[in-house]
Every structure is written in structure tokens, then in C-alpha cells.
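Taking it in order: structure first as C-alpha cells, then the write-up.
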Amino acid sequence: MRLAELELMSEWSGEAPVLLLDDLASELDADRRALLLELIQDRAQTILTTTDLDLVGASQTNARLFPIREGAVVTEDDSPAAN
């Protein structure tokens, strides 16, 4: 349903919308998650929340991770981000 909505909004506006996917790991099995991530890659900017870092595999070359710890975005050195 979300992919159809993504296509419709893209056609209507002429631009790809930002796709928000919350807790994908709890909603789909591993095969369907992999298929969905393959389908959306390079189609739209996507914000994905997950507790499973394995979900963002090697095929997600454009992915940026923003770890959240104790309610704050953390940097690579494990200190809170300056934003």
C-alpha cells in the first residue's frame, strides 16, 4: 500500500516524497523486509526506525545511521551529537 502511495504522490507532485517506515523489523519477515528495502532503494529518501541493525545490510549503500541512546542522537565517539 505504501509503495502505491509513494508512486501516486510522486506522479502528483513531480517529486518523490520522503518515505517514513517505523519499526519495519516487527511488521515483516526477513524476506519481505529485504524485498521492500530493495524496491525503495534509490526511489525515495527514506527514514527508517529499527532496533535491528542487521536490517540495514550491505545492499543499503546510501544508508546513514543515527543511533539514539537515552533519547539523544549519538556520534561515533559515543557522545551526544551537537544538534
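When segment 60-83 is examined, which residues are found to be in contact with a helix residue (DSSP H, G or I) (Cβ under 7 Å, 6 or more places away or on another chain) and either at pLDDT 80 or above or open to solvent by 50 Å² or more (accessible area, probe 1.4 Å) (or both)?
Initially, segment 60-83 is screened for residues in contact with a helix residue (DSSP H, G or I) (Cβ under 7 Å, 6 or more places away or on another chain), giving 60.
Result: no residue meets the conditions.
Pick from segment 30-51 the residues that are over 24 Å from SER13 (Cβ atoms), open to solvent by less than 70 Å² (accessible area, probe 1.4 Å) and not small (Gly, Ala, Ser): which of them is farthest from the chain's Cα centre (by Cα)?
ARG33
The values are calculated or read from the model by the stated rules, or taken from the named source; none is laboratory data. Keep in mind it's a predicted model, so treat the numbers as computed, not measured. With ideal geometry, Cβ positions are generated from the backbone for all residues, glycine too; neighbour counts draw on all protein chains shown. Note: accessible area is taken over every heavy atom of the protein model, side chains too, but ligands, DNA and RNA are not part of it. Shrake-Rupley method; radii C 1.70, N 1.55, O 1.52, S 1.80 Å.
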